[in-house]
Amino acid sequence: MAKDSPDYILFTTAGLIILAGFLIFTSVSMAYVTSIEGGVDDMGLAYFLIRQFLFGVLPGILIGLILFKTPLTLIKKMAPVLLLINLILVAMVLVPGLGITIRGAKRWLQVGPISFQPSEFLKLTFILYLSSWLVEKRTGRDDKKIFSENLLAFLAVSGVIAFLMYLQRDLSTLIVIIATGFAMYFIYGAPLRHIAALAVSGVSAFALFIATSPYRLERIRSLIDSGTNPYQAHQALIAIGTGGLFGLGFGMGNQKYGFLPFAMSDSIFAVYAEEAGLVGVIILILLFLIFTWRGFKLAKSRSGFLSLVAAGISFWIFFQAFVHMGAMSGILPITGIPLPFISQGRAHFIAELAGLGIILNISKTKKL
């Protein structure tokens, strides 16, 4: 397996996104501490920053570094096992005493003093599993039979994931997983009839989620009738509009002071837009586009497992960023999807940095 230097453009782009995220997270943390203490308390501010670093950024960097150094043949071999372990952890969330409920949804697993959302790791483990499965089954066999078997396997695994996400009321994570899998299956070269079958299955699952959750239907309706916009969407649009061309400046935004719900996580892009303005938003979007471009360029220059994994990780990061920004901008329904490399959270940050480690590993490897 020939070696080369890692893609420094990809690495630098991800680093700039993380830096922008750190700055805006600091700003939101200052506002949160101020609203509690009546003034910025350095110890209180440090609590949020240290917590995000120790339980999100640092473990993510360490795991990403390990995966950057791990032979890709081993990652490929371990892919089915990693997905199975991940599915077990996701199922454990539903076990009384292990799973905890936050905001009416049971998605978090409590392990000692630490809680985390195991479904966030499904985005990466599903990409690795699907890449490994598709490549392994295609080797030296008839394409028609291969695609038929792969379609059934894809639907079976996706069905299990959809069922678990349904029980946890986690439509946003499911959308990212299924959309990423759909994109990978398309890149793999599946027949149009299979693409159509997957599209019908996806739309059916989405309709089931909507039909059994009235609040999700209201979010869909809000896109048609702006007068029914949920409070969070309304406040997000105010924040984005207030930012203007150049923004109010770091730390100067107002919507984070109790007006914008979940400003550290679900709504962090709106805070960023208010303080960085349209210029800052364009820069952030360009950074995500550069990340995606480098990832797909890498996928195009590789083959087999490496190509599919690079394409899958690139699409995942791009699509998740698009959904988050789209929800805050009023072009998509409000979701609980975090902004990659930026939003508060442990599991999603670790998973994204792990994915970054793998794609950088691929970038320094010629072929597999």
Q: For residue 238 paired with residue 208, estimate the spin-label separation in nm (one decimal), with each label point 7 Å from Cα along the Cα-to-Cβ line.
A: 3.9 nm
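Between residue 167 and residue 62, take the C-beta separation as r, use R0 = 30 Å, and let me know the FRET efficiency to the nearest 0.05.
Details: r = 32 Å, r/R0 = 1.05.
The pair residue 167/residue 62 has a calculated efficiency of 0.45.
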**Q.** Theoretical gain in end-to-end length, residue 50 to residue 282 [0.36 nm per residue, Cα-Cα removed]
**A.** 80.6 nm
Q) Excluding residue 113 itself, what net charge comes from residues whose Cβ is under 13 Å from its Cβ, given Lys and Arg +1 and Asp and Glu -1? A) +2
Q. Considering the Cα trace of the stretch 282-362, what is its radius of gyration and what is Dmax, both in angstroms?
A. 13.1, 38
Q. Given a Förster radius of 56 Å and the C-beta distance between residue 70 and residue 102 as r, what FRET efficiency does 1/(1 + (r/R0)^6) yield to the nearest 0.05?
A. 0.95
Q | Spacing of the two label points (7 Å from each Cα toward its C-beta) at residue 252 and residue 303, in nm | A | 5.6 nm
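Where a number appears in this text, it was derived from the coordinates with a stated rule and is not lab data. All values derive from a computational prediction rather than experimental measurement. Cβ: placed from backbone, ideal geometry, glycine included. Neighbour counts: every protein chain shown.
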